[in-house]
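Any read-out appearing in this document is the output of simple, stated calculations on the displayed coordinates, not a laboratory observation. These numbers were taken from a predicted model, which means no experiment stands behind them. Virtual Cβ from ideal backbone geometry, glycine too; neighbours counted across all protein chains shown.
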């Protein structure tokens with residue numbers, strides 16, 4: 001979309017991609033660090049909290065309001081912050097899973113920003129057999145009191161043909 005202040009910000013997209021890939025700037029001079037108040041930093045903090053199962057860090061990245069939409073890969077939907085927190089408490093306590101993210105696309109605006117990611121989720125079935133799934137993750141963050149906070153989280157499985 002163009003016009004009315006809606007322009008694509010490729011530098012933010014590249015920065016987010018580098019962060020997600022653990023990239024470095026200028027040929028290995030160290031990790032790229034976005035400004036602490038940027039959307040890229042908020043997104044990386046959110047993803048790190050998930051990878052590390054750090055509920056306290058995760059809670060610091062989500063809305064302080066009551067409404068938070070979460071759409072699971074099977075289409076189940078929850079719509080409250082309390083349900084989001086309850087799910088993540090149980091999920092983070094479960095052993096044996098691992099999740100890795102690749103940032104595919106970022107749209108950053110002054111008040112609302114969005115990222116599309118692809119993730120690989122690994123865990124074990126009930127009988128202990130390893131299983132892997134690949135899905136898209138669409139997350140939307142809104143500005144709340146000068147901080148980026150998650151307000152929408154949708155997971156969509158990717159068929160084996162993608």
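At-a-glance table
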item: Theoretical FRET efficiency, 1/(1+(r/R0)^6), r = Cβ-Cβ of residue 78 and residue 133, R0 25 Å, to 0.05; result: 0.80
item: Inter-label distance, nm, simple model (7 Å from Cα along the C-beta direction), residue 66/residue 112; result: 2.1 nm
item: Protection proxy ranking, peptides 68-80, 146-158, average beta carbon neighbours within 10 Å, highest first; result: 146-158, 68-80
